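Each remark here refers to the structure printed beneath this line.
The values are calculated or read from the model by the stated rules, or taken from the named source; none is laboratory data. In this text the structure is predicted, and so the values were computed from the model without any measurement. Note that we place each Cβ from the backbone using ideal geometry, even for glycine, and neighbour counts take in every protein chain shown. Surface areas here come from the heavy atoms of the whole protein model, side chains and all, with no ligands, DNA or RNA. Shrake-Rupley method; radii C 1.70, N 1.55, O 1.52, S 1.80 Å.
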Amino acid sequence: MPFVTTLELTSGDRGALDRVVEDIKESASRKGVEFGGPHPGQPHEQHAPQSKRLSATGDRFADWTYTVYSRTIEIVGHDEFARSVAGGAFPAGVHVEVEIDQVRQAGH
């Protein structure tokens, strides 16, 4: 029964995110790995409050707003390749979450 490794990559830098995903995709293609995606997620905005002082009370600046982009890819089987991708070094600001599922064949 094969394993499906799902990687969700997120970043506030869309260019860096797309370069990482493209590198993974090209590497998978060279090695003949069954690869699904990348599936882009809906970008979402994050807001961070900014205080004018180091105190929780008092005046504030306008919230800092930034956009987070996401891509999801699936690697079917090829456990060594999936492990090397998931354990690889990613640029600062690109975050990865890994989920591994075992797929059962029909009738088993």
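Observations, loosely collected:
- Failed item in (1) open to solvent by 80 Å² or more (accessible area, probe 1.4 Å); (2) over 20 Å from Phe81 (Cα atoms); (3) among the hydroxyl-bearing types (Ser, Thr, Tyr), with Ser11 passing the rest: (1)
- Criterion violated by Gln102 - all others in (1) among the polar types (S, T, N, Q); (2) at pLDDT below 90; (3) open to solvent by less than 70 Å² (accessible area, probe 1.4 Å) satisfied: (3)
- Per the listing Ser55, Ser70, the residue uniquely at pLDDT 90 or above, open to solvent by less than 80 Å² (accessible area, probe 1.4 Å) and polar (S, T, N, Q) is Ser70.
- Taken over the stretch 48-93, residues that are touching a Lys or Arg at 6+ places or on another chain (Cβ under 9 Å), in a strand (DSSP E or B) and either within 16 Å of Val21 (Cα to Cα) or hydrophobic (A, V, I, L, M, F, W, C) (or both) amount to 3.
- The stretch 18-33 residues that are within 15 Å of His95 (Cβ to Cβ), paired with ones that are part of a helix (DSSP H, G or I) and of a type outside the set (Asp, Glu) (beta carbon under 6 Å, 6 or more apart): Ile24/Val85
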